[in-house]
Structure formats: structure tokens, C-alpha cells
Amino acid sequence: MSSNGRLGDIGEGIKDGINTGLKIGETNMANSSLTPTIDPRRNVSVEKEVLYDKEISLVSQSGEKPGQLVAELSQDDYTVHITSGSLSWSATSWNFFTALSSVREVLEDHSLKPAVEGACVDVYPSRMALEMGGGRRAYRWPGTGSPMTVDIFDDVPLADRARLASVAEQQRAHERRRGHGDG
């Protein structure tokens, strides 16, 4: 952990880490592999099921750069990988939304936001979606009316990129909605 209580920055080489069970890190794609691994808990091979493998945009103040998002499931572990060029960021958690949020926090250190629904200020999953659906679906709360369900890995259209937010901004918006009985 860095002195500010955050997980640290990319230069610190984040590895398997804190008590939440998150595994966060950056790797060079030349050394990266998405193949079956040995699960030390059972000493058996664990197949990873790739549920998403898609091109995304990483948005910054100065424009966009292409990226690749891979979301995979292995037993009860949900992993999100985002790559751009030779850089790769990944996180593993008990659901996809939390894993995506962890990757987003590291991307924020590089002033990047993935242009996916799960990174929008008006999107947040219910507890049931996290626990029973692995956090793949979430509610999108329009300014008025009832929420709609979205896939957190769906692309955000260019016209809606202003909805992209930091993890902290998204959390604060969710807490405000809950305070008003909307979430």
C-alpha cells in the first residue's frame, strides 16, 4: 500500500494483495498468458471461461486510444483484463463489477476511463445482481423515470461519453440515489 492508503500506482508493481482477495497488477503482454492455471486450493487445473473478449475505447482528456477488454470466470473468481498496446491491467474479485472498478481505479492513475456502461456515473448494480449474477448486469438510472438494466461491458456511445466517471464519482452518485430512495 502506498502512503495515501490507496493500492499504489503502476510503478509500484501491484501484486496479489489486500484482505479483500483482489489481485491487481500490470504486466507486459509479452509475458501474459490467458491459459488454464493450477488452483493452489485444490491442486487441480482450473479452466477459465472467457465471457467477453472485445475492443473498447480508453478515454482521456486528450482523446481516445484503443484497448481490449477480456472478462473471464474461473470457479468463483471473476477477472477483468484491459490491455492497450503493451500494457495490461487486471483485477480478480468475487464479481465482475468489483473487478472492473478495481481496474478502473488503476486506469484513473493514467487519466483513462474505459468506455463501457459499468464506468458510467448513472450505472450501479443491485446487491442481488452482484451476488446472483456475478455483477454482469446493473441498473442505469436516467435523470427521471425508472431504471433500466444494462450489461456493464456494453459500449458507451460517443454521444454519451460525458456519463463516464471515476469510481469515487460513481459511488457518490449511487449513495445519493440510495439516500433519495432511488437505488
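Some values worked out for this structure:
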| item | result |
| --- | --- |
| Residue list for region 110-157, restricted to those being assigned to a helix (DSSP H, G or I), more than 12 Å from the chain's Cα centre (by Cα) and over 16 Å from SER93 (Cβ atoms) | MET128 |
| Hey, SER111 open to solvent by 20 Å² or more (accessible area, probe 1.4 Å), on the phi > 0 side of the Ramachandran plot and of a type in the set (Ser, Thr, Tyr) or not | yes |
| Extreme residue, nearest to the chain's Cα centre (by Cα), among residues of region 78-96 that are farther than 12 Å from GLY135 by Cα and open to solvent by 40 Å² or more (accessible area, probe 1.4 Å) | LEU87 |
| Candidates ALA159, ALA119, ALA168, ALA99, filtered to the one that is open to solvent by less than 10 Å² (accessible area, probe 1.4 Å) and either of a type in the set (Val, Ile, Thr) or out of contact with any Lys or Arg (no Cβ under 7 Å at 6 or more places or on another chain) (or both) | ALA99 |
| Positions within region 152-174 being in contact with a Phe, Trp or Tyr (Cβ under 9 Å, 6 or more places away or on another chain), under 21 Å from LYS54 (Cα atoms) and not aromatic (Phe, Trp, Tyr), in sequence order | ILE152 |
| Strands (runs of 3 or more DSSP E) within region 1-103 that include 3 or more residues at pLDDT below 85 and not hydroxyl-bearing (Ser, Thr, Tyr) | 23-28 |
| Residues of region 127-156 satisfying the condition of being surrounded by fewer than 18 Cβ atoms within 10 Å (Cβ to Cβ) and either closer than 20 Å to SER111 by Cα or among the hydroxyl-bearing types (Ser, Thr, Tyr) (or both) | THR144, SER146, THR149, ASP155 |
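The values are calculated or read from the model by the stated rules, or taken from the named source; none is laboratory data. Please read these numbers as outputs of a predicted model, since none were measured by experiment. As a convention, Cβ positions derive from the backbone with ideal geometry for all residues, glycine included, and neighbour counts pool all protein chains shown. Heavy atoms of the whole protein, side chains included, go into the accessibility calculation; ligands, DNA and RNA do not. Shrake-Rupley method; radii C 1.70, N 1.55, O 1.52, S 1.80 Å.
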